[in-house]
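J.: Dropping the structure in here first, questions after.
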Amino acid sequence: MKVNNNSADFCDAVVIGAGVAGLYQLHRLRELGLNVRGIEAASGVGGTWYWNRYPGARYDSQAEIYQYWFSKELYEEWKPSERFPSQPESERWLNYVADKLDLRKDIQFNTRIDAAHWDEATGRWKIRTSQNDQIDAQFLIACTGMLSAPLEEVFEGQSSFKGKICHTSRWPKEDVGIKGKRVAVIGTGATGIQVIQTIAPEVGALKVFVRTPQYTLPMRNPKYSEEEWGAWTKQFDYLKERVRNTFAGFDYDFEGRSWYKDTPEQRQRTLEALYNDGSLALWLSSYPEMFTDELVSEEVSEFVRGKMRERLNHDPDLCDLLIPADYGFGIRRVPLDTGYLETYLRPNVQTINCQKTPISRIVPEGVQTEDGKVHEVDVIILATGFDAGSGALTRIDIRGKEGRALKEEWSQEIRTAMGLQVHGYPNLFTTGAPLAPSAALCNMTTCLQQQVGWIADIIQFARDQHKSVVEPTKEFQDAWVEHHDQVTNQTLFPRVDGWYMGTNVPGKPRRLLSYCGGVNDYNRRCAELAEKKYPGFAFA
Ligand code: NA7
């Protein structure tokens, strides 16, 4: 396909996506005086919080830090009802932001970008949408989300199923009708966990297909009164500064703690206190050696396993199936749960061990496993995850200089310049893309805002210099990839399969998606680049 630009609409920038990043990017670029067009596949704003409307969806960053920091007014005015708000509230929040900033008028909904081709002659992007719009834009900014390309077609025979089959992130707005029904959930990642614990009391019979068990921590989710929110608003300035300067963009941090300097009693006290916080603090602020040192990893893992055993009433079969034994706590994404493990003690919940009997296909009656057994159900819920980080971009036909195709290049190796640009694709900027903390290991609002701000600043810088094209040099990108790999290889992350390493998608090249040198470190590096007038980036 060639994108032609006959009768194309011209604009300075196209922002793809109207989630947390896209809304803010649109706002920032508009403030710079650019003519910006937002393109969004959904019928409304929200991104992740539009699409993931499955039962039980909620975030696991606390409301006081899952926030926009560029406006104190937004922070003060929107009053979260609880510590970890659910999807409907999160979607309402982003709608409130869109209204408040009057963003909707510049967003075209129900539209996907199908193709974007760099035109070297004009130094602009030629863009084609699913509505057959032709757009000619100087800058293309992908705020496409790191977990927005769902793995929906996972099993043979899905279309033959007589009942309803639904991926969690494509959950319909209307009632799916699971009450009293026989339901299968495939997948026990952060999403599967939220679905399972939420629907179990409602459905007739629940069959959970478990392949890799997860470490999971109980969430403490108190309601927030207006007064309590008022108290948080007084901390706005502190929190705004704080989250930029911690390892994972949360308010909590490792605080220089060291496993080897603490006594066994101190360690136990620390782990207990952080566990009881009911947040991700145990993962992202206990002992940093957990990510690098097998012995520490094993000890912290054993602490969590002990808690999980208690919650499972020490049932040997359930403990065997649901407690991880062959990888360490925190090396895969840690979910927070609300009664998830206890759900397995309910009489209407049954487990199927997919390591012993993998799913072979979907048949009209339900899910068939390799032992030939058909698990008959009325509804199948696919909590099977995403083509994370890169998937949203490779599903668009993006062509850079000399006709190179991003999909093709990334099918060999995923390389970026700090997750902000890709060499060979001038004036394409990315947020939530591979090789930055925003690809996984961070409080997303912290990281996305930092990237959006950095992108707005470099665009402003280029304009100030009367330059129209920005591209990272090959040397800069190579050096970043090398640094990323060096940091990664000091950790235990590369040893464990999962979406962090891209191994959940057949054929995807193996590399840790997220930069794990810390949000604080990454932010410092980005700020330094800006201060030094962007060495490593070519302006033309
Ligand atoms: P995840 O964490 O990638 O989880 C997907 C789950 O689906 C996981 O348990 C997989 O098992 C399971 N899965 C995938 N394919 C199969 C097959 N063929 N058979 C059995 N089980 C399968 O996705 P989530 O949506 O839960 O979470 C993604 C992120 O979203 C999350 O970390 C948060 O940041 C928000 P596997 O582990 O591959 O053995």
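Bear in mind these aren't lab numbers, they're just calculated from the coordinates by the rules spelled out. Predicted model, so just to flag it, every value in this text is computed and none were measured. When we count neighbours, we look across all protein chains shown, and the Cβ atoms used for this are built from the backbone with ideal geometry, even at glycine.
J.: Against the empirical 2.2 N^0.38 Å scaling, what ratio does the C-alpha Rg of the range 8-66 come to?
T.: Against the empirical 2.2 N^0.38 Å value, I get 1.35 for the range 8-66.
J.: Roughly what would the spin-label model give for Phe70 and Gln412, points 7 Å off Cα along C-beta, in nm?
T.: Placing both labels 7 Å beyond Cα along the Cβ direction yields 3.7 nm.
J.: As an exercise, find the ratio Rg/Rh for the range 341-390 from alpha-carbon atoms, using the Kirkwood inverse-distance average for Rh.
T.: Computed over Cα atoms, the ratio is 1.03.
J.: Does anyone have the angle between helix 444-464 and the longest principal axis of the chain? Alpha-carbon axes, 0 to 90°, nearest 10?
T.: Helix 444-464 sits roughly 10 degrees off the main axis of the chain.
J.: Let me ask another. So how compact is the range 1-137: Cα radius of gyration and Dmax in angstrom?
T.: Reported Rg and Dmax, both Å: 16.7, 53.
J.: Hull surface divided by four, with the convex hull built on the Cα atoms of the range 247-401: how many nm²?
T.: 14.4
J.: Which length gain, in nm to one decimal place, applies between Asn276 and Ala231 when the Cα-Cα distance is subtracted from 0.36 nm times their residue separation?
T.: Stretched out fully, the Asn276 to Ala231 stretch lengthens by 14.0 nm.
J.: Checking a compactness column here: for the chain, what do you get for Rg(Cα) / (2.2 N^0.38 Å), N being the number of residues?
T.: This ratio for the chain stands at 0.96.
J.: Considering only DSSP beta bridges where both residues belong to the chain, give the percentage that are antiparallel (nearest 5). Intermediate results must be reported in sequence, preceding the final value.
T.: Working: 25 of 64 bridges.
Percentage antiparallel, nearest 5: 40.
J.: Here's another thing I want to ask about it. Before anything else, pin down the relative contact order of the chain: Cα pairs under 8 Å, at least 6 apart, normalised by residue count, whole percent.
T.: 19
J.: As I understand it, the value is the acute angle between the Cα axis of helix 474-489 and the longest principal axis of the Cα atoms of the chain; what does it come to in degrees, rounded to 10?
T.: 20
J.: Any idea how far the Cα center of the range 513-540 sits from the one of the range 434-461, in Å?
T.: 10
J.: So what is Rg over Rh here for the range 340-425, counting just Cα atoms and using Kirkwood for Rh?
T.: Expressed as Rg/Rh, it is 1.21.
J.: Still on this structure: For a footprinting-style exposure proxy, rank His483, His27, His314 by other Cβ within 10 Å, fewest first.
T.: Ranked by crowding around the Cβ, least crowded first: His314, His483, His27.
J.: Still on this structure: How far apart, in nm, are two points set 7 Å out from the Cα along the Cα-to-Cβ line at Asp99 and at Asn348?
T.: Each label point is offset 7 Å from its Cα along the Cβ direction, giving 3.6 nm.
J.: Can you give me the distance in nm between label points at His483 and Glu376, each placed 7 Å from the Cα along the Cα-to-Cβ direction?
T.: Calculated label separation equals 6.0 nm.
J.: To continue, here is another question. Given R₀ = 22 Å, what would the calculated FRET efficiency be for Lys356 paired with Val496, taking r from the Cβ atoms and rounding to 0.05?
T.: Here the calculated transfer efficiency is 0.60.
J.: Where the convex hull is taken over the Cα atoms of the range 170-228, what is its projected area averaged over directions, in nm²? Intermediate values should be presented prior to the final figure.
T.: Values: hull surface 24.1 nm².
The directionally averaged projection comes out at 6.0 nm².
J.: Relative to the compact globular guide of 2.2 N^0.38 Å, what is the alpha carbon radius of gyration of the range 309-359, as a ratio?
T.: Output field value: 1.22.
J.: Same structure, new question: To the nearest whole percent, what portion of all C-alpha pairs in the range 490-540 is separated by more than 13 angstrom?
T.: On the way: 861 of 1275 pairs.
Everything past 13 Å amounts to 68 percent.
J.: Separate question: Inverting the mean 1/r over all pairs of different Cα atoms, compute the Kirkwood radius of the range 71-142 and quote it in Å.
T.: Taking the inverse mean of 1/r over all distinct Cα pairs, the range 71-142 comes out at 15.1 Å.
J.: If amide hydrogens are placed 1.01 Å from N in the peptide plane, which non-local residues have theirs closer than 5 Å to the one on Val377?
T.: Correct list: Gly366, Val367.
J.: Given the -39500 (n - 2.57) contribution per DSSP H run of 4+ residues, what per-residue ellipticity at 222 nm results for the chain, rounded to the nearest 500 deg cm²/dmol?
T.: My calculation for the chain gives -9000 deg cm²/dmol from helical runs alone.
J.: List the residues whose amide H sits under 5 Å from the amide H of Gln108, counting only those 5 or more places along or on another chain, with H placed 1.01 Å from N in the peptide plane.
T.: Under 5 Å from the amide H of Gln108 lie the amide H atoms of Gly38, Ile39, Glu40, each far enough along the sequence or on another chain.
J.: Helix 20-31 against the longest principal axis of the chain: what's the angle in degrees, Cα atoms only, rounded to the nearest 10?
T.: In the chain, helix 20-31 runs at an angle near 20 degrees to the longest axis.
J.: If you don't mind, another one. State the cysteines of the chain left without a partner when partners are defined as other cysteines whose beta carbon lies under 4.7 Å away.
T.: So far as the 4.7 Å Cβ criterion goes, Cys11, Cys143, Cys166, Cys319, Cys354, Cys516, Cys526 stand without a partner in the chain.
J.: Then there's this: Taking amide hydrogens as modeled 1.01 Å from N in the peptide plane, which residues meet the under 5 Å criterion relative to Ala538, leaving out close sequence neighbours?
T.: HN-HN under 5 Å from Ala538: Glu471, Thr473.
J.: Still on this structure, please answer the following. If you average 1/r over every pair of different alpha-carbon atoms in the range 415-465 and take one over that average, what Kirkwood value in Å do you get? Walk me through the numbers before you get to the answer.
T.: On the way: mean 1/r = 0.0886 Å⁻¹.
Computed over the range 415-465, the radius equals 11.3 Å.
J.: Whole-Hz ³J(HN,Hα) for each residue in the range 358-370, computed from phi via Karplus 6.51 cos²θ - 1.76 cosθ + 1.60 with θ = phi - 60°, x for glycine and proline: what do you get?
T.: Once θ is set to phi - 60°, the couplings for the range 358-370 become x, 6, 9, 5, 9, 10, x, 8, x, 10, 9, 9, 5 Hz.
J.: What FRET efficiency comes out for the pair Lys533/Thr503, r = Cβ-Cβ distance, R0 = 45 Å, nearest 0.05? Please report the intermediate quantities before stating the final value.
T.: Numbers: r = 39 Å, r/R0 = 0.87.
Calculated value: 0.70.
J.: While we're looking at this one, here's another question. Checking the cross-link filter: which lysines have an alpha carbon closer than 24 Å to that of Lys467, excluding same-chain neighbours under 8 positions apart?
T.: Leaving aside lysines fewer than 8 places away in the same chain, those within reach of Lys467 are Lys126, Lys401, Lys532, Lys533.
J.: Where does each of Arg269, Arg211, Arg333 land when they are ranked from fewest to most other beta-carbon atoms within 10 angstrom?
T.: With the fewest neighbours first, Arg269, Arg211, Arg333 line up as Arg269, Arg211, Arg333.
J.: Stick to the Cα atoms of the range 232-327, pair each with every other, and give me the Kirkwood hydrodynamic radius in Å at one decimal.
T.: For the range 232-327, the Kirkwood estimate is 15.0 Å.
J.: Related question: How would Thr233, Thr188 line up from fewest to most surrounding beta-carbon atoms within 10 angstrom?
T.: Numbers: Thr233 14, Thr188 25.
Fewest-to-most ranking of Thr233, Thr188: Thr233, Thr188.
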